[in-house]
Amino acid sequence: MKKVDLKKELKGLYKASAKDVAQVDVPAFKFLMSDGEGDPNTSEEYAQAVEALFSVSYTTKFMVKKGPERIDYSVMPLEGLWWADELSAFVANDRANWKWTMMIMQPHFVAEEVVAAAIAAVRSKKRLPGLDKLRLEEFTEGRCAQVLHVGPFSDEGPTIERVHAFIDARSGLSGKHHEIYLSDIRRADPKNWKTIIRQPMR
C-alpha cells in the first residue's frame, strides 16, 4: 500500500514560521467546501458544516485506502475563508455578520465519484444536515503572504496586522482572509493553538 503525507509534500504551504512572514505561491487544489455566515462560536450552521466536512473527508480517505488505488493518506486540516460585506464588521469583530467558506483539501488522486460516494455513505448512516451544502471545487490563490499564529483566535489581530503590513510594503491586499487550523482545538490548550494566517496579494 502506498502512503502519502500531503502536509509533508506541501510543507511550504502547510508549515509556516511564527517569526517571519513569508511569500508563497499557492497553486490550484481541490477542496470540499461549505459556505455560511454568522458567529462560528454560536452558529449551528457552522458546526454542521465542519461536522459534514470531516465526516466526508475521513470516509473518502478510507474508501481510497480500501479501493483499487490502495493509497493511505492523512486527512488535511480544516481551512476557512473569512470576509464580510462591510469591512467594518470584520475590523470590529462583529462576528454575527461574518461570512465564511470552510473547506478541507482533497488529494489530486481522489476522483469526484469517490467523494460523491462518500457523501452518499455518510448520508445513509448519519443524515447530517450539513451534507446538502457540500461541494467539491477547485480553488487557487496564487501569490500570498502567510505566517504562523500561536495562541487563541481572539489574539490574532496583531498577527494579521503583520501580514497586511508585509503585503502593503510590496503590493496590495487581494482575495479573502484565509486561516488553516493545524491544532485540534477540542484537545489542545488555546495558548498552544497553531493557525496559519494567509492573505492573497496582488
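Scan region 145-173 for residues that are under 18 Å from the mean Cα position of the chain (by Cα) and among the aromatic types (F, W, Y) and jot them down. Correct list: F153 only.
Total residues in region 173-189 satisfying the condition of being assigned to a loop (DSSP other than H, G, I, E, B) and either of a type in the set (D, E) or more than 17 Å from E156 (Cβ to Cβ) (or both): the figure is 6.
I'm checking my understanding of the structure. Among residues of region 119-152 that are under 26 Å from R187 (Cβ atoms), out of contact with any Ser or Thr (no Cβ under 7 Å at 6 or more places or on another chain) and touching a residue at least 24 places away in the same chain (Cβ under 8 Å), which one is surrounded by the most Cβ atoms within 10 Å (Cβ to Cβ)? Among those that are under 26 Å from R187 (Cβ atoms), out of contact with any Ser or Thr (no Cβ under 7 Å at 6 or more places or on another chain) and touching a residue at least 24 places away in the same chain (Cβ under 8 Å), it is Q146. If I filter region 49-65 for residues that are part of a strand (DSSP E or B), open to solvent by less than 20 Å² (accessible area, probe 1.4 Å), among the β-branched types (V, I, T) and touching a helix residue (DSSP H, G or I) at 6+ places or on another chain (Cβ under 7 Å), do I get at least one hit? No. Note on region 26-48: among residues that are among the hydrophobic types (A, V, I, L, M, F, W, C) and not in a strand (DSSP E or B), the one that is surrounded by the fewest Cβ atoms within 10 Å (Cβ to Cβ) is A28.
Okay, residues lined up against (1) β-branched (V, I, T); (2) free of Cβ contacts under 8 Å to residues at least 60 places away in the same chain:
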site	(1), (2)
L32	no, no
N41	no, yes
A52	no, no
V56	yes, no
T60	yes, yes
M63	no, yes
P68	no, yes
D72	no, no
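For region 117-142, taking the residues that are under 20 Å from the mean Cα position of the chain (by Cα) and small (G, A, S), the one that is farthest from P200 (Cα to Cα) is identified as A118. Within the set of pairs 6 or more residues apart or between chains, which connect a residue that is closer than 15 Å to E179 by Cβ and among the small types (G, A, S) inside region 81-98 to a residue that is at pLDDT 80 or above and surrounded by 11 or more Cβ atoms within 10 Å (Cβ to Cβ) with Cβ atoms less than 7 Å apart? That search, which allows pairs on different chains as well, returns A84/N97; A84/W98; A84/K99. Pairing each residue of region 181-202 that is more than 18 Å from A145 (Cβ to Cβ) and open to solvent by 60 Å² or more (accessible area, probe 1.4 Å) with any residue that is assigned to a strand (DSSP E or B) and modelled with pLDDT of 90 or more, provided the two are 6+ apart or on different chains, yields C-beta distances under 9 Å for K191/V150; N192/V150.
The values are calculated or read from the model by the stated rules, or taken from the named source; none is laboratory data. Because the structure is a prediction, the values reported are computed rather than measured. Quick reminder, even Gly has a Cβ in these numbers, built from the backbone with ideal geometry, and neighbours come from all protein chains shown. Note: areas computed on protein heavy atoms with side chains; ligands, DNA, RNA excluded. Shrake-Rupley method; radii C 1.70, N 1.55, O 1.52, S 1.80 Å.
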